[in-house]
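Colleague: Got a structure here, written out as C-alpha cells. Questions coming.
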Amino acid sequence: MIPGRRIHWACAAIIILAMAGAAAAHHSFAVYDHSRTVTLKGKVTKWQWTNPHAYLDIDVRDASGAVKRYVLEGTSINMLQRVGWRSNMIKVGDEVKVEFAPLLTGEPAGLLLEVTFANGEKRELPVPAINTFKRTPEKD
Amino acid sequence: MYENITRWVFAAVLSSLALTQPMVLLWAGQSTNIPDISGSWERARDPSIPPQGQPPLKPQYVKEWQAKMQAIREAAARGEPYAERVVMCLPEGMPGMMAGPFPMEILQSKGQVTIIQEAYTQVRRILLDREQKPVDEVEPGFYGRSVGRWEKGVLVVDTVGIREDVLYQHAPHSKDMRIRERISLGADGLLRDEITIEDPAFLEKPWTFTFAYRRMADYQLLEYICEDNRQYSDDKGLQKIRIPGL
C-alpha cells in the first residue's frame, strides 16, 4: 500500500462525490480502500436487509482450514431494490463469491461491490461513484 | 324515489369533479393557475442552474466554516471520515431533504402540499394560505413550520423553526433562520425549488440555490426505516464500522 496512492484515490473520490451531489454524499465510504479490491468465496452467515445499509457476513475458510468472518457493507436497500435486488436473493448458508473494497484498518471488512450468487448469477451493487474504486483482477 | 335519484346525480357530479384535480381546486375557490405537481420526483441535472456556491457567511464565521470543511475533506482523504448525523440515523431536515438524496413524493390536497423524501421517510407539510407564526411560537424541529401560497403558478413557501443543530452544508445558523422557496414546474417538465436562506445573524446576504427534479413515472416510494446501522461514531466523532467478535 503506497500512502500517496491512497490519497490520490481518496481525492478522486471526493471530487466525484462532490460532482455526484447529495445522493453520493449521504454516508461516507472513505473508510474503504479505493486502490484495490479483494475477491473471496465464503458461506453466508447473515444477510442484513436494512437501511441505511445492507450488510453481508460471510465465513471464509483459508488453505489451513481456519475460518475468518468478514463483514461486508452494502448500499441502502432502497437503492438495491431500484436496480432489481430482492432480499431473497441471498440466504444464510449460501456459498457466494464477493468482490469488495477492503477496510483501510485491515480488519476483515469491506464495501461490497459485486456478488456472485450460489446459482452463478453475478450482480453489482449500486455503490455511488463505484468507478472510483480500482478493481483488482481476481487471483486464480 | 325522486329524492334518491337527486342524491345519486349529486354524488355523480361530485365524483366527476373529484376526478380532475384542477377542477377540484377551481371548485375550492383557489387560483386556477395551479400546476399538478403531485407524484414522484428525483433530482435532475439542470445546466441552467448555476453551481451552488458556499454559504455567504459573515466574515467572523467564514474562517471557522472553511476550517471545518477542510478538516472534513482531510479526514475523508485519510480514510477516517467524521461521522455525519445520518450515521446516527438522523435525517437531514430542512433544507437538506430537498437536496433529494432519494426520490420524493409530492401530494396536493385541500389546504396542504405534502412532501415526502424517501430517505429516512422525511415528511414536511406546507400549509396553504395560512399566516406564518412568529419564530418564537414555533417549537424548533427538523422541518420547521411551512406556510405557502400559489402565486401565478409558483408555490411560494416560508419556513421557520429549524433547530440550530440541523445544518445544511455544515453552515451554522440562528434560531431565526428563515427559508423561502419558490417551487415551479417548468415548460421543460422539470420541477424547480429555488431556496433562499435568510439569517442576518450569520449570513452577510441571503443564500440562494436551486434544485431541479424530474418526474418518475409509475414510481412508488419505498419504505425507509433506519435500523441497526453498523456504522457508528467513535469517541472522537469519527465514522467506524462495528465488526462482531473483534
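Computed from the coordinates by the stated procedures, all read-outs in this text should not be read as laboratory data. These numbers were taken from a predicted model, which means no experiment stands behind them. We place every Cβ from the backbone using ideal geometry, glycine too, and count neighbours over all the protein chains shown.
Colleague: Using the per-residue mean of other Cβ atoms lying within 10 Å as a proxy for protection, in what order, highest first, do the peptides A:27-40, B:214-227 fall?
Modeller: A:27-40, B:214-227
Colleague: Could you work out, residue by residue across B:223-230, how many beta carbons of other chains sit within 10 Å of that residue's beta carbon, and then give the average as an integer?
Modeller: Mean partner-chain Cβ count within 10 Å for B:223-230: 5.
Colleague: Another question, then. Go ahead and run the numbers for FRET between B:Val123 and A:Lys68, Cβ-Cβ distance against an R0 of 41 Å, rounding to 0.05.
Modeller: Calculated value: 0.40.
Colleague: Within the set A:Lys122/B:Lys236; B:Lys58/B:Lys236; A:Lys43/A:Lys139; A:Lys97/A:Lys134; A:Lys91/B:Lys236, which residue pairs have Cα atoms separated by over 27 Å?
Modeller: A:Lys122/B:Lys236; B:Lys58/B:Lys236; A:Lys91/B:Lys236
Colleague: Just checking the output field for B:233-243: average partner chain Cβ neighbours within 10 Å of each residue's Cβ?
Modeller: Counting other chains' Cβ atoms within 10 Å and averaging over B:233-243 gives 3.
Colleague: Something else about it: Take every residue in peptide A:26-35, count the Cβ atoms of other chains within 10 Å of its Cβ, and give the average of those counts.
Modeller: 6
Colleague: A follow-up question, please. Could you list the trypsin sites (Lys or Arg not before Pro) in the stretch B:71-140 that lie in coil according to DSSP, counting only those with at most 16 other Cβ atoms within 10 Å of their Cβ?
Modeller: Answer in residue order: B:Arg78, B:Lys110, B:Arg130.
Colleague: Run lengths n ≥ 4 of DSSP H only: what is the helix-derived mean residue ellipticity at 222 nm for chain B, with -39500 (n - 2.57) per run over all residues, to the nearest 500?
Modeller: -6000 deg cm²/dmol
Colleague: Which FRET efficiency value, to the nearest 0.05, do you get for B:Tyr232 and A:Lys122 by plugging their Cβ-Cβ distance into 1/(1 + (r/R0)^6) with R0 = 30 Å?
Modeller: Result of the calculation: an efficiency of 0.45.
Colleague: Label B:Glu223 and A:Val92 with points 7 Å out from Cα along Cα→Cβ: what is the distance between them in nm?
Modeller: The modelled label-to-label distance comes out at 2.1 nm.
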